[in-house]
Amino acid sequence: MMIKAPAGKLRDITRHLLWLIPLLFLVLFFFIPLGKVLLVMVSRDGSVSVPSIIKPLGFTIWQAALSTLLTFIVGVPAAYVFSHFRFIGKRSLRLLVTLPFILPTVVVAAGFNALLGPHGWLNLLLMNAFNLTSPPISILNTLGVILLAHVFYNSSILIRVVGSAWSALDVDMPEAGAVLGASPLQVFLKVTLPLLKPSLLAAGLLVFLFDFTSFGVILLLGGPAFSTLETEIYTQTLSMLNLRMAGILSLVQLACTLVVTVLYARVNAKRATTLKPGKGIKPQKPIGSTQKLFIGLSILFLILLFISPILSLVIRSIISFDAASGISRFTIANYTGLFTNARQSFFYVPPVRAALNSLGFAILTVALALLLGIATAYAQKRLPQKKKWIDSVIMLPLGTSAVTLGLGFLITFNKPPFDIASFPVLIPIAHTLIAFPFVLRSVAPVLASIPRNLMDAGSILGASPWRVWWNVEAPIVSRAALVGGLYAFAISLGEFGATSFLARPDLPTLPVAIYRFLSQPGETNYGQALAMATLLLVLCGMAMALIERIPLAGSREY
Amino acid sequence: MDTLKVTNIHKEYDGAPLLNGLSLEVHSGEILCLLGRSGSGKSTLLRIIAGLEHPEKGEVVWNGENLANTPAHLRKFGLMFQDYALFPHRNVAENVAFGLEMMGLPKNKISEMVKIALERVNMGAFAQRSVAELSGGEQQRVALARALAAQPRLLMLDEPLAALDRSLRLELQQELSTQLHQAGIPVIYVTHDQEEAVILGDRLAILHDGEIVQNDAPRQVYAAPANRWVAEFLGMKNFVGGQVSSMNPLIVTTFLGEFEMNQSLATGLKAGLNVTLSFSSENAKVIDAIDSGNIIRGTITACNFRENGFLVTLDAGHEIAMEFVLQVAPPVGSPITLEILPSLIILLHD
């Protein structure tokens, strides 16, 4: 009989302990709240009608499908341009189109508001030019602006996923088609498209999922006229206090997202096997006037789509506008106003407080997400046979809507000292659920890429295990952890869905404050909302810029 | 009879000239082996003929028709890619059917033709397989079936056997030769393997420095390489410079002594001309020292066993090292005398 050495046993225990950290966290803060949401359907009273489920469900699917279609129309040509051509400023343009990915929904909503809203740039300009008394463009609170914001948000996914697949496409394939007599159109339809199909499907499902669970955009830009499952859960919970209905809607929402997530996972697994690395397309300079015109127009369109809301937001935040005289001038009042309690009211919180709250929550989120993410990465490395299983469990919160998560927290943690009134740490905990998979995704591949013999070399050269870890592994892992931490920071700063359920009236975060200010009338509120959104934009932009500057093992440019 | 004529092709790659005024011709029923080092522009030439790339200068002409404005898909030329470029989203039969679909043939006609094409390469049983499941040799056969099924007017093959192991390569060379001759169309076969080129080619075109430096039947190329580079590329060894000292009999005087050559090599020579000789490393005869012509003397510096004998390196003086395969193994350091028959000497014009 073999007797295990005590040291081996100890290692076994620590392995499983590592794995317990994320597991316990998920059970406590994800599975139990989710279970409570489902239980609430039977345990609570409240009126339930089928039409009030069907209507938001129908609209959710409709707007998500339409948004996805439009995202394809914008994203596929852009993916083509990025994967096939070289042009001046390509790097900057790529960074620009990636920016929305990390922008909080409230910032995007504020941006489109500053561009197209009744107090927005375009309307002010048109009113001034034609002496109009009311804003001529009224796109706010229409389906149009919802679709526009979704396209703005998700085109980057399409460009990333489809663009990288397209550039990795074996160059021989389309040429083999041409030599066999296929015209350029036939090559596209019969060779390129079928080869890109898995990536197009994967990107499409991901975009659909994001549009389906979109919350902030619908609430802030769509207004009360449009309700999706997400906003309906919010309304039923916080306005109608009909938790039963909210629970049922959450269940419908969960079922839908689960179906899409499973489909996505399947498509994605297939995608990995169809690409042959190494013989990808080499981007060329555009030749001929048709190509140059096409590239030029594409770039112009992308710049307009991606820069105009962001730029409008920043500029509009430093311009004051007097409706009576029609004069606009430069001002920093919107920023200085952030520091004063103008209204002296009990529930009014000066914006600077909200900013400090956000920072505090973000720092806590970073700490928690790093702890969980790194522990999970090590657990995965030590227990490779369980990696797949761990992976899918950890990704579950990402596929769950933030609103459902918020609702779950609200119902589960309802007694002091662990209710939302007395335990604000619930907010960073909710953020951590969304953020720590990003830490894991940054750290795990890097950890796995450290070759065993690097550590062995250290040992043979006389270093103790602890020294080997400190001198060899820690420096490599810490860079990945920094990237993951920055993601967690940006995610926490911008999170709106779950926070809108959990933030105490006197303890709002920046996104919550922006939402409040935007939904109140008056030029001052509007200006300050834009100033806060600009602040958030700058913080998230800085995080993004840092992430882009840190090279990681295993990441690939396209 | 169909003829492809390529004239004065110039093509740059990364700013440096790759093809430099290249010209060649190939006719129906003929396999032209395009032979050259890797990176010499062989594949690029095929791509230019196929219409996938455009030369800076020069013409591709099919039966008198300039193809400059004919795009790849209308040229009706077949091209078999080096790693076959089988479509991963289509099974074996669907791959072979691709070209026929592009012709707009009816479905039943296509499946009939696909069946015949696959039978011809002994892949009939694989019709419904995924191409990812095929071995290298099977992929090669499917790629050939796909190229031939489309009934091209001309077929180009880019190193079709390079990805396969040696024994399979030897087996497929014969098969391929039969298939290609049966097709009866002009064939351009690109390879960097001299042995393969000799087995398959009716003619060899040797590409060097962006030009065809020699274009002849394989026998002719081996009997009279156009220059020192070609001779070395073909694997010839033991080069020694000399001067024609007599025209009849043809005798060349070198540092090593006088060598009598085959009289047939005398064309184009005259007494006093500088030439280079290459002595075949095989079939040299070890003899006792007699002072006469066609003799190489030297000291053994190395002796290593090979499958066909002992590879002996000898120092022939004047800093000339030579290699010969002998059936005996003389001790290192001992002197040796070899007799080289006139038929074993190749003459290169300087």
* **Cβ-Cβ under 8 Å pairs, at least 6 apart or on other chains, the range B:91-113 side closer than 13 Å to B:Met123 by Cα, far side hydroxyl-bearing (Ser, Thr, Tyr) and part of a helix (DSSP H, G or I)** => B:Ala93/B:Ser111
* **The lone exception for B:Glu65 - which of (1) touching a residue at least 12 places away in the same chain (Cβ under 8 Å); (2) out of contact with any Phe, Trp or Tyr (no Cβ under 9 Å at 6 or more places or on another chain); (3) more than 13 Å from chain A (Cβ to nearest Cβ) it fails** => (1)
* To do: Select from the range A:414-436 the residues that are buried (at least 23 other Cβ atoms within 10 Å of the Cβ) and over 18 Å from A:Asp506 (Cβ atoms) and write down the one among them that is nearest to the chain's Cα centre (by Cα).
  => A:Ala435
* Structure fact -> Per the filter on the range B:68-80, residues surrounded by 23 or more Cβ atoms within 10 Å (Cβ to Cβ) and either aromatic (Phe, Trp, Tyr) or more than 10 Å from chain A (Cβ to nearest Cβ) (or both) are B:Phe77
* Asked: What residue, of B:Arg146, B:Arg90, B:Arg129, is under 30 Å from A:Leu195 (Cα atoms), assigned by TED's automatic domain parsing to the domain that holds B:Gly39 and in contact with a Leu (Cβ under 9 Å, 6 or more places away or on another chain)?
  -> B:Arg146
* To do: Working only within the range B:34-59, note down all residues that are away from every other protein chain (no Cβ under 14 Å) and over 25 Å from B:Gly235 (Cβ atoms).
  => B:Pro55, B:Lys57, B:Gly58, B:Glu59
* To do: Could you tell me which residue of the range B:232-267 is farthest from B:Leu338 (Cα to Cα), considering only residues that are in a strand (DSSP E or B) and of a type in the set (Phe, Trp, Tyr)?
  => B:Phe239
* **Output for the range A:32-64, where each listed residue is in contact with a helix residue (DSSP H, G or I) (Cβ under 7 Å, 6 or more places away or on another chain) and among the hydrophobic types (A, V, I, L, M, F, W, C)** => A:Ile32, A:Leu34, A:Val37, A:Leu38, A:Val40, A:Met41, A:Val48, A:Ile53, A:Leu57, A:Ala64
* To do: Only residues in the range A:155-172 that are within 14 Å of chain B (Cβ to nearest Cβ) count as the first member; pair them with residues that are among the β-branched types (Val, Ile, Thr), Cβ under 8 angstrom, at least 6 apart or cross-chain, and list the lot.
  => A:Ala168/A:Ile281; A:Leu169/A:Thr192; A:Leu169/A:Ile281; A:Val171/A:Ile281
* **Residue ID - surrounded by the most Cβ atoms within 10 Å (Cβ to Cβ), chosen from residues in the range B:95-123 that are over 33 Å from the mean Cα position of the chain (by Cα) and more than 10 Å from chain A (Cβ to nearest Cβ)** => B:Ile110
* **Matching residues in the range B:268-280 - criterion: being touching a helix residue (DSSP H, G or I) at 6+ places or on another chain (Cβ under 6 Å) and either at pLDDT below 90 or outside any strand (DSSP E or B) (or both)** => B:Ser280
* Matching helices (runs of 4 or more DSSP H) fully within the range A:94-169 where at least 1 residues are at pLDDT below 85 -> A:121-130
* To do: Could you tell me whether A:Val446 is among the aliphatic types (A, V, I, L, M), surrounded by fewer than 24 Cβ atoms within 10 Å (Cβ to Cβ), at pLDDT below 80 and more than 16 Å from A:Leu507 (Cα to Cα)?
  => no
* Asked: Hey, among the residues in the range B:181-208 that are more than 16 Å from the chain's Cα centre (by Cα) and in contact (Cβ under 8 Å) with a residue 60 or more places away in the chain, which one's farthest from B:Phe77 (Cα to Cα)?
  -> B:His181
* helices (runs of 4 or more DSSP H) wholly in the range A:175-244 with at least 1 residues that are within 14 Å of another protein chain (Cβ to nearest Cβ) and among the polar types (S, T, N, Q) - which ones? -> A:184-187, A:193-212
* Asked: Restricting attention to the range A:505-515, does a residue exist that is surrounded by fewer than 23 Cβ atoms within 10 Å (Cβ to Cβ), at pLDDT below 85 and closer than 23 Å to A:Phe409 by Cβ?
  -> yes
* To do: Being surrounded by fewer than 16 Cβ atoms within 10 Å (Cβ to Cβ) and in contact with a strand residue (DSSP E or B) (Cβ under 7 Å, 6 or more places away or on another chain) is the filter here, so list the residues in the range A:42-98 that pass it.
  => A:Arg86
* Structure fact -> Condition set over 23 Å from B:Ile49 (Cβ atoms) and part of a loop (DSSP other than H, G, I, E, B), scope the range B:209-225, selection farthest from the chain's Cα centre (by Cα): answer is B:Ala224
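The values are calculated or read from the model by the stated rules, or taken from the named source; none is laboratory data. All figures in this text were calculated on a predicted structure; none of them were measured in a lab. No Cβ is skipped: glycine too gets one built from the backbone with ideal geometry, and neighbour counts run over all protein chains shown.
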